[in-house]
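Remarks on the structure that follows.
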Amino acid sequence: MKTKAITLIIILMSFVIMGLYADYPVTEDGKSPFVQVVESIRESVVNIQVEAEVSYSQGSGQLPFDDDFFKFFFPNPQLRQPRRSMSMGSGFIFKQDGMDVYIITNNHVVEHGENGTITVTLADKAKYEAEIVGLDAETDLAVIKITIDFGEEITIVQLGDSDNLDIGDWAIAIGNPFGKLGLERTVTVGVISATGRANLNFGSDSPIYQDYIQTDAAINPGNSGGPLLNLKGQVIGVNAAITSTSGGNVGIGFAIPVNLAKKVSNDLLNSGKVVRAYIGILPQEIDSELRESLKLDKVKGVLVAKVETDTPAEDAGMKRGDVILKFDGKDIENVAKFRILIANADIGRSYPVEVMRNNKLKKLNVTLIPRPGSEIQEEKEDKSKSNNDLGIKVESLSSEFAQRYNIDADEGVVISRIMPDSPAASSNLRVGTVILEINQQKITSVKDFKKATKNIKEDVVLLYVETTAGTYQYVTVKMD
């Protein structure tokens, strides 16, 4: 009996072991399929090093006091001093035109390179100085360019289709984690854990347009900008962020879908900026209680909380209280998906829209226009203005920024960015503060703000604001 029992156990264990190995993909010769993928793509991944002069507070060590998180805890930082900063990340080659080679990476990897030096190191250790083709902070994507020497061999990636992903698909990440350790082109493997991740907060510079691929392939600091690949060796995402309490990988990493990267990179190549479409509504997420109240069969679509005047939505006959269920034949899952669909749609084209109004399905047609202000690279303008500029970037209360950060104010404009080394950087103003008056002049729009801050002659500017805590107060900005 003992012999039979032992034999049975061995047979069962054999089936278990065979099952485990059967789940792991192997080629006909018994090798991992990842080998071929890595061999074909690895040399397209580059190391990016950025050296630039940034502003830190005196005595702050390495703490970035210009970050809004630290401003919250240290509201009155000491005098800022410029210091040389070095950061490292990853990127991948996706296009070549003669001797010009184009690289996709993250905006946060290279944005400081506008005021510094960007060095790209190829797989053969050749180094080239890069220039920025275009930046898009709203998706955290960027394109940079190098001009290679004659005879330099280049590997170009193949861009895949991120709309054709299933949870559980294999995912391969390649990048340069912990850049100073010299771990170039590290390969990690995992699966697609989820798609369509949105509403993630990575700090004050969190991208507005989020549709992340989540993976458990190890992504660490320095991997940003590197490719996420499928088993065909095609890029399916741009590694962008991690969620971690330790600063290292804990199995939760995020990549920007390559289909979004295609659209953004094409715009940056063509014009150096991204022009997005605009519909003119304030969309609201639908929860279980709203679903029940609106008599929807499931939690889906977006609720129209407001229709702006003189917009495509108003022209199409959209009403407050409508529930948008479909846009251009595509189901609307949530606000994040809706924003990306609109932003990436063609300007000037008429799109069919299905809405639920008073429990009845209604079909509309909307023709989108360029998003106000999207034609201008506001960040570059901010950095090039005269010393009389406050150093503040603002958005309207109906903007994507205000919606994302739940700015609930009746009038004014909201601060979306405070430039380092600017007069406002030394004040008590914060990102998220709503400006109501400047020098006792009422501010109701971005146009009012620009008019009030043009050619400032006062040594001290007086602002009346609504703070992020919901209180009202006067704030002064010294213009020296």
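The values are calculated or read from the model by the stated rules, or taken from the named source; none is laboratory data. Bear in mind the structure is a predicted one, so any value in this text is a computation, not a measurement. Neighbour counts run over all protein chains shown; Cβ positions are idealised from the backbone, glycine included.
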Handout entry: Residue identified as within 22 Å of the chain's Cα centre (by Cα) and either in a strand (DSSP E or B) or without any contact (Cβ under 8 Å) to a residue 24 or more places away in the chain (or both) among Ile118, Ile146
Key = Ile118
Handout entry: Meets criteria (in contact with a Phe, Trp or Tyr (Cβ under 6 Å, 6 or more places away or on another chain), within 23 Å of Lys295 (Cβ to Cβ) and of a type outside the set (Lys, Arg)) for Val323
Key = no
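For Asp67, state whether it is at pLDDT below 60, acidic (Asp, Glu) and within 30 Å of Ala173 (Cα to Cα).
Judged against the criteria, Asp67 is a match.
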Practice task
Tally the residues that are touching a strand residue (DSSP E or B) at 6+ places or on another chain (Cβ under 9 Å), within 30 Å of Val355 (Cα to Cα) and of a type in the set (Asp, Glu), restricting the search to the range 250-290.
Solution key: 1
Exercise for the section: Could you please let me know if Pro177 is surrounded by 21 or more Cβ atoms within 10 Å (Cβ to Cβ), under 22 Å from the mean Cα position of the chain (by Cα) and closer than 29 Å to Val431 by Cβ? Expected result: no
Exercise for the section: Would you point out the residue of the range 353-397, among those that are under 20 Å from the mean Cα position of the chain (by Cα) and assigned to a loop (DSSP other than H, G, I, E, B), that is modelled with the highest pLDDT? Expected result: Arg371
Practice task
Quickly run through the range 398-411 and pick out the residues that are touching a strand residue (DSSP E or B) at 6+ places or on another chain (Cβ under 7 Å) and in a loop (DSSP other than H, G, I, E, B).
Solution key: Ser398, Ile407, Ala409, Glu411
Practice task
Please name all residue pairs, on different chains or six or more residues apart, with Cβ atoms under 8 Å, provided the first residue is in the range 429-440 and is under 9 Å from Glu466 (Cα atoms) and the second residue is at pLDDT 90 or above and in a loop (DSSP other than H, G, I, E, B).
Solution key: Val434/Gly412; Ile435/Gly412; Ile435/Ile443; Leu436/Gly412; Leu436/Ile443
Exercise for the section: Inspect the range 140-158 for any residue being crowded, with 19+ Cβ neighbours inside 10 Å, within 15 Å of Ala255 (Cα to Cα) and charged (D, E, K, R) and give the result as yes or no. Expected result: yes
Practice task
Might you check whether a residue that is under 20 Å from the mean Cα position of the chain (by Cα), surrounded by fewer than 17 Cβ atoms within 10 Å (Cβ to Cβ) and over 25 Å from Gln214 (Cα atoms) occurs anywhere in the range 261-269?
Solution key: yes
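Over 11 Å from Pro283 (Cα atoms), modelled with pLDDT under 90 and not assigned by TED's automatic domain parsing to the domain that holds Val264: is that true of Asn344 in this structure? Steps first, answer last, please.
Working: over 11 Å from Pro283 (Cα atoms): yes; modelled with pLDDT under 90: yes; not assigned by TED's automatic domain parsing to the domain that holds Val264: yes.
Spelling it out, Asn344 is indeed over 11 Å from Pro283 (Cα atoms), modelled with pLDDT under 90 and not assigned by TED's automatic domain parsing to the domain that holds Val264.
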Problem - Members of the range 153-194 found to be within 19 Å of Ala240 (Cβ to Cβ) and in a helix (DSSP H, G or I), listed by number - result: Gly179
Fill in the blank from the handout: Those residues of the range 428-467 that are assigned to a strand (DSSP E or B) and either under 14 Å from Ala409 (Cα atoms) or not polar (S, T, N, Q) (or both) come to a total of 13
Exercise for the section: With the condition kept exactly as written, say whether any residue in the range 146-159 is touching a helix residue (DSSP H, G or I) at 6+ places or on another chain (Cβ under 6 Å) and under 23 Å from Ala198 (Cβ atoms). Expected result: yes
Practice task
Name every residue in the range 174-199 that is touching a strand residue (DSSP E or B) at 6+ places or on another chain (Cβ under 8 Å) and closer than 20 Å to Ser87 by Cα, in order of residue number.
Solution key: Ile174, Gly175, Asn176, Pro177, Gly179, Lys180, Glu184, Arg185, Thr186
Problem - Residues of the range 221-240 satisfying the condition of being modelled with pLDDT under 85 and crowded, with 23+ Cβ neighbours inside 10 Å - result: Gly222, Asn223
